[in-house]
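The values are calculated or read from the model by the stated rules, or taken from the named source; none is laboratory data. Since the model is a prediction, treat every value here as computed from it, not as a measurement. Every residue, glycine among them, receives a Cβ derived from its backbone with ideal geometry; neighbour counts consider all protein chains shown.
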Amino acid sequence: MPDSPPPDPAAAILALGALQGQCRLLDPTRIAGWARNEGAPETPVVLELLLDGEPLGSFVADRPRGDLAERFPANPRLGFMVQIPRPISAEAARRVELRRAADLAPLAGSPLTLPHTPPPDTPQTRLAALTELLDTSTRHASPRGRAALA
């Protein structure tokens, strides 16, 4: 029995077709949306999640999406909802990328920006800011007790 040639990875990627979908929700604790392989709609899309260019992990877009059932009746299981175990810090704007693992094709709209979110103005955050200010002042205090200029 002759050996069959190994599968051609490039042909497999081409068979997936264009990546369809979009991110519908992005916040520091979760990401949601949908993704579909146009050329192989029955094959769930494996997406990679990157934060500021660093991979965080991958997941499968295979959750039912009622809003897509009419548009894609053969397979409306195209959704994803990823709970992020440690919330993404938004002390500065963060770049979030979603791409198909098979060929690194970006999901429509990717990369996305998670905007800077200042901490809420609460008594606890005001106290923390004041404590930080006092701590900084005492570290830079001159021998006479006055804050030294840095």
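The single condition among (1) at pLDDT below 90; (2) among the basic types (Lys, Arg); (3) surrounded by 12 or more Cβ atoms within 10 Å (Cβ to Cβ) that residue 126 does not meet is (3).
Going through the stretch 81-91 one residue at a time, which ones are within 16 Å of residue 55 (Cβ to Cβ) and hydrophobic (A, V, I, L, M, F, W, C)? Scanning the stretch 81-91 gives 82, 84, 88. Of all residue pairs spaced 6 or more apart or on separate chains, those with beta-carbon atoms under 6 Å, a first member in the stretch 44-72 that is without any contact (Cβ under 8 Å) to a residue 40 or more places away in the chain and a second member that is in a strand (DSSP E or B) and surrounded by fewer than 17 Cβ atoms within 10 Å (Cβ to Cβ) are 44/60; 60/46.
Here residue 29 fulfils each of the conditions (1) loosely packed, with under 11 Cβ neighbours inside 10 Å; (2) under 24 Å from residue 114 (Cα atoms) apart from (1). Taken as a whole, the stretch 87-98 holds at least one residue that is surrounded by fewer than 12 Cβ atoms within 10 Å (Cβ to Cβ), at pLDDT 75 or above and part of a loop (DSSP other than H, G, I, E, B). The set of residues from the stretch 40-54 being closer than 17 Å to residue 18 by Cα, at pLDDT below 95 and out of contact with any Leu (no Cβ under 9 Å at 6 or more places or on another chain) comprises just one member, 42.
Name the single residue that is nearest to residue 42 (Cα to Cα) among those in the stretch 55-86 being among the β-branched types (Val, Ile, Thr) and either at pLDDT 90 or above or in contact with a helix residue (DSSP H, G or I) (Cβ under 7 Å, 6 or more places away or on another chain) (or both). My answer is 60. One residue is enough: does the stretch 67-85 have a residue meeting the conditions under 20 Å from residue 26 (Cα atoms), exposed (fewer than 15 other Cβ atoms within 10 Å of the Cβ) and among the small types (Gly, Ala, Ser)? No, the stretch 67-85 contains no residue that is under 20 Å from residue 26 (Cα atoms), exposed (fewer than 15 other Cβ atoms within 10 Å of the Cβ) and among the small types (Gly, Ala, Ser). Here are the criteria: (1) in contact with a strand residue (DSSP E or B) (Cβ under 9 Å, 6 or more places away or on another chain); (2) at pLDDT below 90. Tell me which single one residue 120 does not satisfy. Every listed condition holds for residue 120 apart from (1).
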